[in-house]
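Read through the structure below, which is laid out as structure tokens, and then see the notes.
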Amino acid sequence: MSTGIAFERVSFAYEDALVLDDVSFDLPEGEFCLLVGPTGAGKSTLLKTVNGLVPHFTGGTMRGDVRVAGRAVRGATPADLADLVGYVGQDPLAGFVTDEVELELAYTAEQLGLAPAAMRKRVTEIVDLLGLADVRDRALAQLSSGQRQRVAIGAALVAGPAALVLDEPTSALDPTAADEVLSALHRLVHDLGVTVLLAEHRLERVAQYADSALLLNGGKVTAGPIAEVLAVSPVAPPVVALGRLAAWPGPPVTIREARRHAAGLRERLTGLERPAIAPAQAGPPLLEARGVTVDYPGVRAVDGLDLAAGRGERIALMGRNGSGKSSLLWALQGTGKRSGGRVAIGGADPASRRPGERRQLAGLVPAEPADLLYAETVAAECEGADEDGRAPRGTCAKILDDLVDDLDDATHPRDLSEGQRLALALAVTLTAAPPLLLLDEPTRGLDYPGKAALAARLTQLTAAGHCVVVSTHDVEFCAEFASRVVILSDGEIVADGPARQIVAASPMFAPQVAKILPGWLTVAEVAAALEADGDVAGG
Amino acid sequence: MSPDASQRTAPEATRTVPLRAPGRRVHPVAWWGWALLLATVAGRTANPWLLLLIVAVAGLVVTWCRGPEPWSDAYRVFLFIGLSAVAVRMAFYIVFGGSDGPTVLVTLPSATLPEWAAGFRVGGAVTAEGALAAAYDGLRLATLLVCVGAANALASPRRLLRSVPAALYEVSVAVVVALSVAPQLVESVGRVRRARALRGNTGRTPANLMRTVVAPVLHDALDRSLSLAAAMASRGYGRAAGVPAPARRATGAALLFGLLGLCAGAYALLGTTTPAPLAWALLAAGAAAAVFGIAFASRRVPHTRYRPDRFKAVDWAVIASGAAAVAGTVLSGVFEPAALWPATNPLRVPELPLWAAAGVVLAAAPALLAPSAPSSKPPKGTP
């Protein structure tokens with residue numbers, strides 16, 4: 001009998017939509033299990049059934065049995081299960097009850113009535129385990145997003161649960177912070193024997209830590225060792241995709257494993273033409289920013305930064321959480337605060353223009369694309385965008401058609417999938433036809449096919465003469481999309497140059513393929529080179 | 001909590017103390033007590049010098065003792081609210097009148113009110129004496145507000161709520177959640193407005209504002225409250241407490257009767273028809289029932305508190321300094337009542353009541369007793 005998490009013939013449906021279809025699996029105690037699946041496959045639903053949030057908070061019909069550490073979960077409320085299952089949601093800020101780090105950490109323990117002495121010991125342990133000692137007295141509002149996520153995980157752990165369920169815990173984090181969070185989780189599995197079930201889109205970050213995986217696709221679950229599951233998964237990290245391409249046994253899930261097999265492939269690739277690198281400075285200059293400074297009370301977010309960009313450039317803005325990426329984007333667009341310096345887009349300063357004219361110079365898709373949307377249906381949203389931009393009727397709808405296929409016009413924008421919502425926000429922004437397009441963290445919540453589609457769309461836009469600047473933590477997306485990478489630290493540019501040079505030189509921002517095959521960035525690029533080579537050899 | 005438990009945790013407490021900002025060592029109840037005592041002084045005088053002295057003392061203590069938390073700016077906010085209170089009081093005097101004197105400054109066109117509204121006027125003569133009285137009155141209200149602001153800046157209401165008895169836990173959580181809604185709404189409005197600017201939508205018609213600002217903000221608030229409810233539930237809020245139903249009903253009844261008794265006692269005490277001993281007895285009985293209910297219920301609540309703030313000598317000292325101000329005012333009331341309530345008719349410069357002033361100056365002691373650490377310059381960028 002299992003003492004971890006066990007599902008026995010669990011089915012779940014909202015009204016008539018079947019989300020989980022006769023799901024059975026059995027995770028042993030202390031397993032670190034990764035839940036993978038395409039966007040909208042029902043990963044969040046499966047996670048929430050473990051602690052009773054589904055169906056208690058969502059409604060719907062559920063059949064079958066869920067057991068955690070031998071205790072039946074069905075029928076129990078999430079509150080009754082708080083000592084058994086820790087749950088960390090997508091947005092840590094939305095789940096905070098108090099306003100100080102220590103009180104937040106202690107909250108669950110207070111609810112469970114832990115003795116004060118035990119509670120204090122426990123909080124201290126958690127603070128050390130998650131590296132929160134420096135911030136334990138701070139208000140939650142003062143923390144960076146990475147620290148907030150660690151507090152949320154710590155808060156779920158304080159009660160000493162047998163299982164920990166996490167829904168995309170690292171999607172908002174920079175690679176280093178994500179690594180800190182994940183290695184802390186890894187340690188928990190080893191030291192405390194907590195069973196961890198974690199859903200994540202950025203598999204390249206998580207796969208190396210996981211023992212096993214569950215693939216959820218079309219309501220069905222495939223369980224097994226991580227390599228086997230990822231080998232058949234429609235979403236897989238680049239290292240697995242490369243392994244499939246090169247037919248490595250396993251396939252390898254970690255960089256180290258892959259390197260052991262890579263010698264042969266490296267040899268084949270030496271001397272092969274790399275696919276044409278996009279020219280770094282393609283078009284005429286468009287953006288000219290000098291000495292841009294953004295000050296917030298007590299913090300200088302952007303510090304006298306110079307940036308010039310031309311049409312046709314695909315720029316990725318990278319850097320740790322809080323390095324000033326968002327502030328810079330907002331300042332460049334002109335709607336955000338700018339304390340000093342000059343910005344000229346095609347010779348005009350956007351901040352001195354009215355909002356309606358400003359967006360014709362630079363469009364910004366904010367980190368939460370839903371903020372841009374306020375109509376009841378997709379069709380109404382498009383009409384509204386045409387009106388706002390005084391564009392001919394149907395402009396936005398046509399742009400949207402080019403971006404995504406088969407979108408139902410009558411859907412509420414909040415019911416769209418992440419990728420569709422992003423496309424809609426992008427279409428709304430593009431209706432004003434801005435030459436400069438800025439996107440703030442667009443890949444959050446997108447799976448690999450979604451990110452590839454986004455990269456392709458943005459590349460098309462640059463080919464049409466736009467300049468696209470994307471702030472992102474996602475190194476794989478950056479490798480796929482960017483022609484130029486700018487790395488920010490403490491509001492200053494620390495590196496700026498062609499993507500290939502910059503990411504290859506940085507251990508933090510190098511994509512997986514570059515770590516295995518130095519000089520190559522994406523699986524697609526390797527595949528293309530091999531194919532060309534095969535054609536040459538064959539013909 | 002049992003005393004031995006607190007002793008067991010003592011070594012840990014000493015280990016963690018240096019991490020906490022020294023200014024926060026004072027118990028929130030002590031800060032609120034101090035501020036309310038100052039407010040009591042403000043309520044017992046109309047002397048402008050004394051009132052300004054109270055504002056100054058509160059400002060000094062806030063500047064020296066507040067921590068680095070976001071709510072520490074509350075003092076300034078309340079100062080502005082206080083100034084507007086003075087302005088509103090003056091405006092009311094000018095329009096509706098009040099006490100009058102011989103020195104007419106301006107005469108406004110006036111309207112005669114019907115018989116039933118005798119005693120009020122609209123417009124008419126504005127006298128220096130009346131204006132001064134109104135200004136004193138407004139200043140008194142402003143000082144009360146500033147005292148509340150000082151308490152807010154020194155200890156957030158949330159920290160104060162952590163000191164309420166366990167029986168009132170659920171109520172305090174509801175208040176805490178409600179308190180966090182306001183800043184979230186402000187933040188949400190800011191975000192939605194910025195996004196609106198991104199879309200170039202700057203229409204100001206009510207229908208447009210409703211659609212593009214109010215609806216998204218409300219949508220956001222609803223989403224947030226749902227996810228907060230889910231998060232609180234997954235973290236054990238509202239667990240079946242295991243308290244037997246009869247006990248729960250008994251404590252509920254005790255609380256209710258206690259509060260009713262308190263109300264009836266207070267009413268009887270303020271009214272003149274009830275003999276004083278009976279009123280006091282009613283009040284005492286009500287208080288006893290309420291205390292019993294809270295204490296009884298608190299023992300049965302299955303929640304515990306993380307590092308409850310403990311009352312220490314410095315907290316008593318803070319309270320005592322506030323009490324000194326009240327004592328001074330009482331002495332002034334005995335020896336120099338005229339100075340506490342300066343007459344505005346005839347016009348003259350009011351005298352400073354010495355006893356009360358000395359007391360209020362003593363109330364500045366927390367600035368020396370519990371100064372916060374000199375705040376280091378905030379680091380560049382968020383970590």
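The values are calculated or read from the model by the stated rules, or taken from the named source; none is laboratory data. Computed from a predicted model, the values in this text were never measured in an experiment. Here Cβ is always computed from backbone atoms with ideal geometry, including for glycine, and neighbour counts include all displayed protein chains.
Determine which member of the set A:Ala427, A:Ala380, A:Ala385 is more than 30 Å from A:Glu525 (Cα to Cα) and crowded, with 23+ Cβ neighbours inside 10 Å. Show your work before the answer.
On the way: A:Ala427 fails: more than 30 Å from A:Glu525 (Cα to Cα); A:Ala380 fails: crowded, with 23+ Cβ neighbours inside 10 Å.
So the residue among A:Ala427, A:Ala380, A:Ala385 that is more than 30 Å from A:Glu525 (Cα to Cα) and crowded, with 23+ Cβ neighbours inside 10 Å is A:Ala385.
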Among the residues in region B:222-241, are any at pLDDT below 80, within 21 Å of A:Gly113 (Cα to Cα) and surrounded by fewer than 15 Cβ atoms within 10 Å (Cβ to Cβ)?
yes
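Per-residue answers, yes or no, for (1) at positive phi; (2) surrounded by fewer than 19 Cβ atoms within 10 Å (Cβ to Cβ); (3) more than 18 Å from the chain's Cα centre (by Cα); (4) not basic (Lys, Arg):
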residue	(1), (2), (3), (4)
A:Asp167	no, no, no, yes
A:Leu173	no, no, no, yes
A:Gly218	yes, yes, yes, yes
A:Thr222	no, yes, yes, yes
A:Val240	no, no, yes, yes
Screening A:Ser506, A:Ser489 for residues that are at pLDDT below 90, among the polar types (S, T, N, Q) and surrounded by fewer than 23 Cβ atoms within 10 Å (Cβ to Cβ) leaves only A:Ser506
Exclusive hit being among the hydroxyl-bearing types (Ser, Thr, Tyr), surrounded by fewer than 18 Cβ atoms within 10 Å (Cβ to Cβ) and modelled with pLDDT of 90 or more, set B:Ser84, B:Ser6, B:Ser110, B:Ser2
B:Ser84
Cβ-Cβ under 7 Å, sequence separation 6+ or interchain: first residue in region A:72-96 and facing another protein chain (nearest Cβ under 8 Å), partner of a type in the set (Lys, Arg) and not in a loop (DSSP other than H, G, I, E, B). Which pairs?
A:Ala94/B:Arg224
Residue, surrounded by the most Cβ atoms within 10 Å (Cβ to Cβ), within region A:291-310, restricted to residues that are acidic (Asp, Glu) and in contact (Cβ under 8 Å) with a residue 60 or more places away in the chain:
A:Asp303
Can you find a residue in region B:163-173 that is crowded, with 17+ Cβ neighbours inside 10 Å, β-branched (Val, Ile, Thr), within 12 Å of chain A (Cβ to nearest Cβ) and within 17 Å of B:Leu228 (Cβ to Cβ)?
yes
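Of everything in region B:258-278, what is over 19 Å from B:Val164 (Cα atoms) and at pLDDT 80 or above? Give them in sequence order.
Across region B:258-278, the qualifying residues are B:Leu260, B:Gly261, B:Cys263, B:Ala264, B:Pro277, B:Leu278.
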Scanning region B:331-360 for residues that are surrounded by 16 or more Cβ atoms within 10 Å (Cβ to Cβ), among the β-branched types (Val, Ile, Thr) and closer than 27 Å to B:Ile319 by Cβ gives B:Val360
Being out of contact with any helix residue (DSSP H, G or I) (no Cβ under 8 Å at 6 or more places or on another chain) and modelled with pLDDT of 90 or more is the filter here, so list the residues in region A:53-69 that pass it.
A:Arg63, A:Gly64, A:Asp65, A:Arg67, A:Ala69
Could you tell me whether A:Ala375 is within 9 Å of another protein chain (Cβ to nearest Cβ), under 30 Å from A:Gln90 (Cβ atoms) and not charged (D, E, K, R)?
yes
With the condition kept exactly as written, say whether any residue in region A:311-323 is more than 22 Å from B:Val192 (Cβ to Cβ), among the hydroxyl-bearing types (Ser, Thr, Tyr) and surrounded by 18 or more Cβ atoms within 10 Å (Cβ to Cβ).
yes
Does any residue of region A:268-280 turn out to be at pLDDT 90 or above, under 25 Å from A:Cys478 (Cβ atoms) and of a type in the set (Lys, Arg)?
no
Search result, residues across region B:164-204 that are of a type in the set (Val, Ile, Thr) and within 27 Å of B:Phe311 (Cα to Cα)
B:Val164, B:Val171, B:Val173, B:Val175, B:Val176, B:Val177
Answer yes or no as to whether B:Pro68 is at pLDDT below 80 and assigned by TED's automatic domain parsing to the domain that holds B:Pro366.
yes
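Just to check your reading of the model, which residue among A:Gly445, A:Gly419 is assigned to a loop (DSSP other than H, G, I, E, B), more than 10 Å from chain B (Cβ to nearest Cβ) and not hydrophobic (A, V, I, L, M, F, W, C)?
A:Gly445
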When the residues of region A:182-191 are filtered to those that are among the hydrophobic types (A, V, I, L, M, F, W, C) and in contact with a strand residue (DSSP E or B) (Cβ under 9 Å, 6 or more places away or on another chain), which remaining residue is surrounded by the most Cβ atoms within 10 Å (Cβ to Cβ)?
A:Leu185
Which listed residue is part of a helix (DSSP H, G or I), aliphatic (A, V, I, L, M) and surrounded by 20 or more Cβ atoms within 10 Å (Cβ to Cβ), from B:Leu60, B:Leu50, B:Leu141
B:Leu50
Does B:Gly101 satisfy the condition of being surrounded by 17 or more Cβ atoms within 10 Å (Cβ to Cβ) and in a strand (DSSP E or B)?
no
Has region A:427-442 got at least one residue that is away from chain B (no Cβ under 14 Å), in contact with a helix residue (DSSP H, G or I) (Cβ under 7 Å, 6 or more places away or on another chain) and closer than 23 Å to A:Ile502 by Cβ?
yes
Of the listed residues (A:Ala344, A:Ala331, A:Ala380), the one being modelled with pLDDT of 90 or more, over 18 Å from A:Leu430 (Cα atoms) and within 13 Å of chain B (Cβ to nearest Cβ) is A:Ala331
Those residues of region A:75-89 which are modelled with pLDDT under 90 and touching a strand residue (DSSP E or B) at 6+ places or on another chain (Cβ under 6 Å) amount to A:Gly89
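In this structure, does B:Leu255 turn out to be more than 30 Å from A:Gly52 (Cα to Cα), surrounded by 15 or more Cβ atoms within 10 Å (Cβ to Cβ), away from chain A (no Cβ under 12 Å) and modelled with pLDDT under 80?
So B:Leu255 passes the test.
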